[in-house]
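Below is one structure, written out as structure tokens; the observations come after it.
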Amino acid sequence: MKFLFIFIPILVIGCTPLTTKNYEVLSYKEYLDSSQEKSISKFYLLGKISIFVDKKGFFGRIIWKFNDDKSIIQIYNPFNTLIAKVTLNSSKESINFEPKLDKRNNIEKMIFRLFGSKENIFALRKMLTRPPNQLSIENRVSIKYQDWNVHFEGIKQIKENRMPHIIEFENESISFKIYINQWVI
């Protein structure tokens, strides 16, 4: 009988739903109007990624180096093997993806499907270095960008810059999430 008096309250408390705060939703125009352009000429980020395309998933690590309008994005599998390298030139708006198309396996095709679009990758870079002003430790923000929902969660103070801790791009068939462990500006 004592067991029931202890077990039932624990069961009831354990089954109550956890309330999570919803995202504050902004349009892309609202985001551009409310956030301030930053002059970040170089950055380095190290993080973990998860990518799901049509319910097929991949987890790994990302290193993103940006310097003088050029980015190098390296994606590693969980065994620390480089599987993709994306080179961006912001001034020319060009993308170079390695390995080339004929040598890609399924994971690399998933990554290319996400990064292969100029609009996706340049928007991601802008949003990484220019998080919404509404973003705070307590307030999560979501931006509608074309057919994407871009979710921001958490903030890290790096020198005088507020940088996102977690950013996720998702649409009907793709989910791409970066958990940023280290920022260097």
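The values are calculated or read from the model by the stated rules, or taken from the named source; none is laboratory data. As the structure is a computational prediction, the values presented were derived from the model and not from experiment. Ideal geometry is used to build each Cβ from the backbone, glycine not excepted, and the neighbour counts take in all protein chains shown.
Here Y31 clears all of (1) touching a Pro at 6+ places or on another chain (Cβ under 9 Å); (2) of a type outside the set (A, V, I, L, M); (3) more than 16 Å from F122 (Cα to Cα) except the condition numbered (3). Quick one: is R125 modelled with pLDDT of 85 or more, surrounded by 16 or more Cβ atoms within 10 Å (Cβ to Cβ) and among the charged types (D, E, K, R)? Criteria not met by R125. Filtering region 128-175 to residues that are among the basic types (K, R), out of contact with any Pro (no Cβ under 8 Å at 6 or more places or on another chain) and at pLDDT below 90 leaves R130, K159.
When residues in region 128-176 are screened for being within 21 Å of K55 (Cα to Cα), exposed (fewer than 15 other Cβ atoms within 10 Å of the Cβ) and in contact (Cβ under 8 Å) with a residue 60 or more places away in the chain, 1 of them pass. Here is a check on your reading of the model: is F52 at pLDDT below 85, touching a Phe, Trp or Tyr at 6+ places or on another chain (Cβ under 8 Å) and within 18 Å of N171 (Cα to Cα)? For F52, the condition - at pLDDT below 85, touching a Phe, Trp or Tyr at 6+ places or on another chain (Cβ under 8 Å) and within 18 Å of N171 (Cα to Cα) - is not met. Annotation: of all residues in region 90-117 being within 23 Å of I180 (Cβ to Cβ) and of a type in the set (S, T, N, Q), the one that is modelled with the highest pLDDT is S90.
Please tell me if I158 is within 11 Å of the chain's Cα centre (by Cα) and within 27 Å of N89 (Cβ to Cβ). Answer is no for this residue. With respect to the conditions (1) over 21 Å from K38 (Cα atoms); (2) more than 14 Å from the chain's Cα centre (by Cα), F169 lacks only one, and its number is (2). The selection criterion, being at pLDDT below 90 and either surrounded by 18 or more Cβ atoms within 10 Å (Cβ to Cβ) or over 23 Å from D69 (Cα atoms) (or both), holds for N120. Scanning region 127-146 for residues that are over 12 Å from the mean Cα position of the chain (by Cα) and either under 18 Å from G47 (Cα atoms) or in a loop (DSSP other than H, G, I, E, B) (or both) turns up R130, P132, N133, Q134, L135, S136, I137, E138, N139, R140, Q146. Region 33-84 holds strands (runs of 3 or more DSSP E) entirely within its bounds, and those carrying 3 or more residues that are among the charged types (D, E, K, R) map to 56-67. Residue-level check: of (1) within 16 Å of T129 (Cβ to Cβ); (2) surrounded by 14 or more Cβ atoms within 10 Å (Cβ to Cβ); (3) modelled with pLDDT of 85 or more; (4) of a type outside the set (F, W, Y), S35 misses just (3).
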